[in-house]
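Asker: Before I ask anything, here is the structure I am working with.
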Amino acid sequence: MKLFITGIGTEIGKTVCSAILVQYFKADYWKPVQSGDLHYTDSKKIEDWTENTIGHPETYRLQLAASPHQSARAENIDINLDAFQLPETQNSLIIEGAGGLMVPLSDHSFMIDLIEKLRIPTALVVRNYLGCINHTLLSVMALQQRKIKLEYLILNGEFPEDTERVICSFIEKDTKIIRIPEISPDKENIIATAKQLTITKL
């Protein structure tokens, strides 16, 4: 099982959701691009929050905490899609992107282009805020246009019934729903949430 974790924007809980899925599937973890926070990367967080997880090296490690294309430019680096190769592992693999689908990796490529290159299904993390319906449906449309399979819709936190109904009515029938409660990210909570995780169909 290989799965690319993306989101409808930034700061919506992709890393926490990735940790829960890593723990649930007993998977390896890979962050293709780390922009900023090199002293405590997402890979390190996942290793701290889960049990016996193998974190594969990032393809690009960038100093500036910004969009990858901006961070790369600050170091005179050009992010090249051909540089990304799936880590070799016999285990399941959770891959976490940066921000949303249209986050630029360069002036010519975006996160969705990387997903398309890797040819693996996605999980879309959604968090409730004013505008999340618009951002979610646009993201789902973008995946559909590229014929990228949306394996899971992850509802991170609490949602009004009306919001959840509209979002879920828009996705394909074979997309599975994962509901993740609001938690503080630490090893105890990640493990407990993974044990109680339920995956449902529409």
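The values are calculated or read from the model by the stated rules, or taken from the named source; none is laboratory data. Source: prediction; values computed, not measured. Neighbour counts run over all protein chains shown; Cβ positions are idealised from the backbone, glycine included. What goes into the accessible areas is simple: the full protein's heavy atoms, side chains included, and nothing from ligands, DNA or RNA. Shrake-Rupley method; radii C 1.70, N 1.55, O 1.52, S 1.80 Å.
Asker: Which is open to solvent by 30 Å² or more (accessible area, probe 1.4 Å), at pLDDT 95 or above, under 23 Å from LYS187 (Cβ atoms) and acidic (Asp, Glu), of GLU47, GLU75?
Answerer: GLU47
Asker: What are the residues in region 1-44 that are of a type outside the set (A, V, I, L, M, F, W, C), closer than 19 Å to ASN91 by Cα and either open to solvent by 20 Å² or more (accessible area, probe 1.4 Å) or out of contact with any Phe, Trp or Tyr (no Cβ under 6 Å at 6 or more places or on another chain) (or both), if any?
Answerer: Result: LYS2, SER18, GLN23, TYR24, LYS26, ASP28, TYR29, LYS31, SER43, LYS44.
Asker: Something else: Counting just the residues of region 149-179 that are in contact with a Lys or Arg (Cβ under 9 Å, 6 or more places away or on another chain) and farther than 21 Å from VAL16 by Cβ, which one comes out least open to solvent (accessible area, probe 1.4 Å)?
Answerer: The qualifying residue least open to solvent (accessible area, probe 1.4 Å) is ASP174.
Asker: Could you tell me which of the residues LEU105, LEU130, LEU137 is under 26 Å from PHE170 (Cβ atoms), surrounded by 15 or more Cβ atoms within 10 Å (Cβ to Cβ) and not acidic (Asp, Glu)?
Answerer: Just one listed residue meets the conditions, LEU137.
Asker: Collect the residues in region 80-91 that are touching a strand residue (DSSP E or B) at 6+ places or on another chain (Cβ under 6 Å) and closer than 20 Å to GLU116 by Cβ, keeping them in residue-number order.
Answerer: Once the filter is applied, which keeps residues that are touching a strand residue (DSSP E or B) at 6+ places or on another chain (Cβ under 6 Å) and closer than 20 Å to GLU116 by Cβ, region 80-91 yields only PRO87.
Asker: Something else about it: Restricting attention to region 108-127, report how many residues are of a type in the set (Asp, Glu) and buried (at least 21 other Cβ atoms within 10 Å of the Cβ).
Answerer: Looking only at that region, the number is 0.
Asker: Can you find a residue in region 81-99 that is assigned to a helix (DSSP H, G or I) and not charged (D, E, K, R)?
Answerer: Looking through region 81-99, at least one residue is assigned to a helix (DSSP H, G or I) and not charged (D, E, K, R).
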